[in-house]
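The values are calculated or read from the model by the stated rules, or taken from the named source; none is laboratory data. These numbers were taken from a predicted model, which means no experiment stands behind them. For neighbour counting, all protein chains shown are included, and Cβ atoms are generated from backbone atoms with ideal geometry for every residue, glycine included. Note: accessible area is taken over every heavy atom of the protein model, side chains too, but ligands, DNA and RNA are not part of it. Shrake-Rupley method; radii C 1.70, N 1.55, O 1.52, S 1.80 Å.
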Amino acid sequence: LILLIVIGAYYVYITKFSNPRAPLTIVADSVVFKRGCYNAESACLKLNFSFPAFPEKISSKLSESIYSDYLLMIEDSSEVKNIEAFKNKLVDISYRYDSSFVDFSSSFPNSSNIEWFVKINFEVRRNDGKILTLRYFYTDYMGGAHGMQSYHYKNLDLRTSKKLELVDIFENLEKFRAIAETAFNEKYQSDRDSGAFWFTNNKYELPQEYGFGSKAFILHYNAYEIASYAQGDILIEIPYT
């Protein structure tokens, strides 16, 4: 009986976890909305939501994780189960943006050259059959001195469809933090000494955004996260070696 249990456990391990898996097939899909934009002087609203789509069937857990996370970038906390529900939600969101744009344009009829836009692009940073890392770039402008932009990383264990946090990736997070701080200081020591970064009590902090690249683990500080807007994005790449 014990032998049968061991053989069964070994078979499950071999079939579920050990065998190499093919990378996911990923293509780009989008929902695009436009109002106005007839010429350089006309009021204009452009929405372009580009997102990953999967020609092959993926688990509902993976689909929900990817598309619900995407919606959070546009401040919508809806949980969607599949790409069809996700696209419908993006259409609803587009109409809400459009309604706000029409109200704003009506309030300022003399500002004929009003231009609003929201754009999200993505790129696949790692897709090896075990881990999927997607990096999104969000940018918008809806009035003000300048628009906003940010990067967002989505890391997934493809065997379990689970989102990967730093505590899932590193057994000893404090040891990794020390390695990351050394890499950060090698690149930005002079700026850190001058007080350019907003670390509390000058204690190094890991970023909110991170992900797997092809040859290195990426730490990505968005503009305004630890420094002024003028400092821009701050990237640290730590080679896997």
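Some observations on this one:
- 5 angstrom amide H check on R126, placed H, neighbours 5+ away: T133
- DSSP-defined beta bridges in segment 1-130 - what % are antiparallel, rounded to 5: 60
- Selection from L158, F122, V31 lying farthest towards where the dipole of the chain points positive, charges on Cβ: L158
- Note that segment 149-223, at 20 °C in a medium of 1.002 mPa s, gets a Stokes-Einstein diffusion coefficient of 154 µm²/s from its Kirkwood radius over C-alpha pairs.
- Charged-residue dipole, Cβ positions (Lys, Arg, Asp, Glu), the chain about Cα centre, Debye nearest 20: 820
- Here is the P(r) of segment 1-118: all C-alpha pair distances, binned every 10 Å from 0, give 11, 29, 21, 17, 10, 6, 4, 2, 0 in whole percents.
- Counted over the chain with a bin width of 5 Å, the fraction of Cα pairs per bin, in whole percents, is 1, 5, 11, 14, 14, 13, 13, 10, 8, 5, 3, 1, 1, 0, 0, 0, 0.
- Over segment 106-201, relative contact order from alpha-carbon pairs under 8 Å, at least 6 apart, %: 16
- The GluC sites (Glu not before Pro) of segment 162-235 meeting both criteria, a DSSP state outside H, G, I, E and B (loop) and at most 14 other C-beta atoms within 10 angstrom of the site's C-beta, are E165, E171.
- When the P(r) is computed for segment 27-84, the part past 13 Å accounts for 68% of the Cα-Cα pairs.
- Ranked order, H146, H152, H220 - accessible area, probe 1.4 Å, largest first: H146, H152, H220
- Seen from every direction in turn and averaged, the convex hull around the alpha carbons of segment 115-193 projects onto 8.2 nm².
- Of the DSSP H helices in the chain, those whose Cα atoms cover at least 15 Å axially and whose Kyte score averages -0.5 or more: 2-13, 60-72, 83-107
- Solvent-accessible area of I5, all protein chains in place: 110 Å² (probe radius 1.4 Å, heavy atoms, ligands and nucleic acids excluded).
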